[in-house]
Amino acid sequence: MEQYLIEALSNVATATITTVLLKKGLRNVWLRGTKPLVSGQKGLVGPAFTLRFVPAREDLATPESWSSPISTRAAIEAMPPGCIAVVDAMGITDAGIFGDILCARMKVRGVAGLVTDGVVRDLAGVLCTGLPVWCRGAAAPPSVAGLTFVNWQEPIGCGGVAVFPEDVIVVDDDGAVVIPGALVNEVVEAAVEQEKLEAWIIGEVQAGAALPGLYPANAENKARYEAFRRDQKSAK
């Protein structure tokens with residue numbers, strides 16, 4: 001993913017992105033249950049690296065499976081720097097998908113963050129790794145107590161949202177949003193402009209302006225905003 005896109009989206013709120021995507025007909029883009037493990041974490045942007053669990057099956061979900069070629073350990077070794085690991089844990093909250101050791105390895109490999117509709121374990125240790133995590137919380141039991149890991153880098157459903165490898169994930173205090181890979185460039189352009197418009201609207205509100213005709217902006221206020229932007233450019 002191009003650095004300029006990452007930098008542009010880093011300054012855009014997930015709330016703004018959902019509005020831009022809504023205008024393009026995409027309503028189901030906010031991954032339910034993906035809350036920051038630590039409030040106030042810096043927002044992140046990166047390509048999705050997907051992992052998928054299914055319900056636990058006793059012959060497969062065993063501690064021995066952790067050494068299998070198809071395992072979370074092997075998946076972590078395939079994660080490129082800068083990616084955001086997005087894990088379909090089926091919303092299970094009584095089995096931690098990753099603990100401190102796995103998160104530490106992800107951090108060392110340069111993974112930007114972890115997003116899941118499940119939970120982590122070894123909470124204190126995970127926090128110590130410094131890996132940014134968005135999830136449903138923490139639970140002591142290991143993943144195999146409730147889940148079977150099946151694959152990585154394939155389409156998944158996380159928090160009720162379809163996520164494909166190389167879609168773009170944006171996370172902040174409001175949670176995680178997915179931008180379809182094919183729409184990234186046009187979403188970035190629209191979202192950056194929307195942020196600028198809303199900053200102007202907030203200034204107008206703070207100056208005492210009423211909302212009708214301002215938010216959303218009618219033709220008159222759009223013209224006022226455009227004049228404001230022209231004045232800004234002239235002043236530079």
*Taking the Cα centre of the chain as the origin and placing charges on Cβ (Lys, Arg +1; Asp, Glu -1), which of 22, 235, 40 is farthest toward the positive end of the dipole?*
235
_Among 203, 99, 130: highest mean-square fluctuation, GNM of the chain, C-alpha pairs under 10 Å_ = 203
*Given 194, 162, 209, which one lies farthest toward the positive end of the charge dipole of the chain, if we put +1 on the Cβ of every Lys and Arg and -1 on the Cβ of every Asp and Glu?*
209
_Alpha-carbon centroids, segment 146-195 and segment 2-44: separation in whole Å_ = 8 Å
*In Å², nearest 10: area of residue 230 left accessible to a 1.4 Å probe*: 140 Å²
*Compare 126, 205, 111 in a GNM of the chain, Cα atoms joined below 10 Å, and give the one with the largest fluctuation.*
205
_Accessible-area composition of segment 53-203, carbon plus sulfur, in percent [1.4 Å probe]_ = 59 percent
*Run down the aspartates and glutamates and flag those whose C-alpha is under 17 Å from the C-alpha of residue 23, throwing out any fewer than 8 positions away in its chain.*
186, 189, 193, 195, 198
*asked:* With the crude spin-label approximation of a point 7 Å out along Cα→Cβ, what separation in nm comes out for residue 235 versus residue 11?
replied: 1.6 nm
*From a point 7 Å beyond the Cα of residue 226 in the direction of its Cβ, which residues of segment 159-197 have a backbone N at a distance under 12 Å?*
none
_Solvent exposure of segment 112-236 as accessible area per residue, Å², 1.4 Å probe_ = 48 Å²
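Could you give the length gained on full extension between residue 153 and residue 77, defined as 0.36 nm per residue of separation minus the Cα-Cα distance, in nm? Write out the running numbers ahead of the final one.
Values: separation 76, 0.36 × 76 = 27.36 nm, distance 1.25 nm.
Full extension of this stretch gives 26.1 nm more.
Using unit Cβ charges (K, R positive; D, E negative) and no other charged atoms, how large, in debye to the nearest 20, is the dipole of the chain about its Cα centre?
Values: 21 positive and 26 negative charges, 69 e Å.
The calculation lands at about 340 debye.
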*In whole Hz, what ³J(HN,Hα) sequence does segment 224-231 give by Karplus (6.51, -1.76, 1.60; θ = phi - 60°), x for Gly and Pro?*
5, 5, 4, 5, 4, 5, 4, 4
*Under a point spin-label approximation (7 Å from Cα along Cα-to-Cβ), what is the residue 185-residue 3 distance to one decimal in nm?*
2.0 nm
*How much accessible surface area, in Å² rounded to 10, belongs to the heavy atoms of residue 200 with a 1.4 Å probe?*
20 Å²
*Using modelled backbone amide H atoms (1.01 Å from N, in-plane), which distant-in-sequence or interchain residues come within less than 5 Å of residue 134's amide H?*
37, 114, 115, 116
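Relative contact order (percent) for the chain, with alpha-carbon contacts under 8 angstrom and 6 or more residues of separation?
On the way: 472 pairs, mean separation 65.9, N = 236.
28 percent.
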*Divide by every residue of the chain the summed helix terms, -39500 (n - 2.57) for each DSSP H run of at least 4, and state the resulting mean residue ellipticity at 222 nm, rounded to the nearest 500 deg cm²/dmol.*
-10000 deg cm²/dmol
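With 32 Å as the limit, write out which pairs from 42/236; 24/107; 42/196; 42/233; 35/233; 35/236 have Cα-Cα distances beyond it, or answer none. Show your work: numbers first, answer last.
Values: 42/236 30 Å; 24/107 35 Å; 42/196 20 Å; 42/233 30 Å; 35/233 38 Å; 35/236 40 Å.
Among 42/236; 24/107; 42/196; 42/233; 35/233; 35/236, the Cα-Cα distance tops 32 Å for 24/107; 35/233; 35/236.
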*With r defined as the distance between the Cβ atoms of residue 162 and residue 58 and R0 fixed at 35 Å, what FRET efficiency is calculated, to the nearest 0.05?*
0.75
*asked:* I'd like the FRET efficiency for residue 140 and residue 207, computed as 1/(1 + (r/R0)^6) with the beta carbon distance as r and R0 of 45 Å, rounded to 0.05.
replied: 0.30
*Nearest 20 debye, what's the magnitude of the dipole of segment 1-111 about its Cα centre given +1 on Lys and Arg Cβ and -1 on Asp and Glu Cβ?*
480 debye
*State the Cα centre-to-centre distance between segment 47-93 and segment 202-236 in whole Å.*
48 Å
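The values are calculated or read from the model by the stated rules, or taken from the named source; none is laboratory data. Since this is a predicted model, take the numbers as computed values, not measurements. For neighbour counting, all protein chains shown are included, and Cβ atoms are generated from backbone atoms with ideal geometry for every residue, glycine included. Remember, those area values only see protein heavy atoms, side chains included, never the ligands or the DNA or RNA. Shrake-Rupley method; radii C 1.70, N 1.55, O 1.52, S 1.80 Å.
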